[in-house]
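Notes to accompany the following structure.
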């Protein structure tokens, strides 16, 4: 699984799973409580999906501290 954190319109941080620390790179450990949902369709629908996701987490009393995406591109 690859996670992407869209830090701006033109930039993102990519998180890749590794088995050990990689020298000269910023290694990050993710921990906490996670919730996921799958959406299918054109990427232009992303805004609608984000709104739905936020409503979904709020209805479960979770809220969102940080949104990180997993995107699979199939051809």
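The values are calculated or read from the model by the stated rules, or taken from the named source; none is laboratory data. The model shown is predicted, which means the values in this text are computed figures rather than measured ones. Counting neighbours? That spans all protein chains shown, and the Cβs are built from the backbone with ideal geometry, glycine included.
Structure values in brief
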| quantity | calculated |
| --- | --- |
| Members of the stretch 1-12 found to be without any contact (Cβ under 8 Å) to a residue 24 or more places away in the chain and assigned to a loop (DSSP other than H, G, I, E, B), listed by number | 9, 10 |
| Leading residue by the ranking (modelled with the lowest pLDDT) among those in the stretch 1-12 that are over 21 Å from residue 56 (Cα atoms) and either under 10 Å from the mean Cα position of the chain (by Cα) or exposed (fewer than 10 other Cβ atoms within 10 Å of the Cβ) (or both) | 1 |
| Residues of the stretch 36-65 satisfying the condition of being within 14 Å of the chain's Cα centre (by Cα), in a loop (DSSP other than H, G, I, E, B) and exposed (fewer than 10 other Cβ atoms within 10 Å of the Cβ) | 36, 37, 38, 65 |
| Any hit, the stretch 27-35, residues being in a strand (DSSP E or B), surrounded by 10 or more Cβ atoms within 10 Å (Cβ to Cβ) and touching a residue at least 24 places away in the same chain (Cβ under 8 Å) | no |
| Cβ-Cβ under 9 Å pairs, at least 6 apart or on other chains, the stretch 49-66 side free of Cβ contacts under 8 Å to residues at least 40 places away in the same chain, far side part of a helix (DSSP H, G or I) and surrounded by 13 or more Cβ atoms within 10 Å (Cβ to Cβ) | 62/56; 63/54; 63/57; 64/53; 64/54; 64/57 |
| Flag if residue 44 is out of contact with any strand residue (DSSP E or B) (no Cβ under 7 Å at 6 or more places or on another chain) and under 20 Å from residue 65 (Cβ atoms) | no |
| The stretch 13-26: number of residues that are loosely packed, with under 10 Cβ neighbours inside 10 Å and part of a strand (DSSP E or B) | 1 |
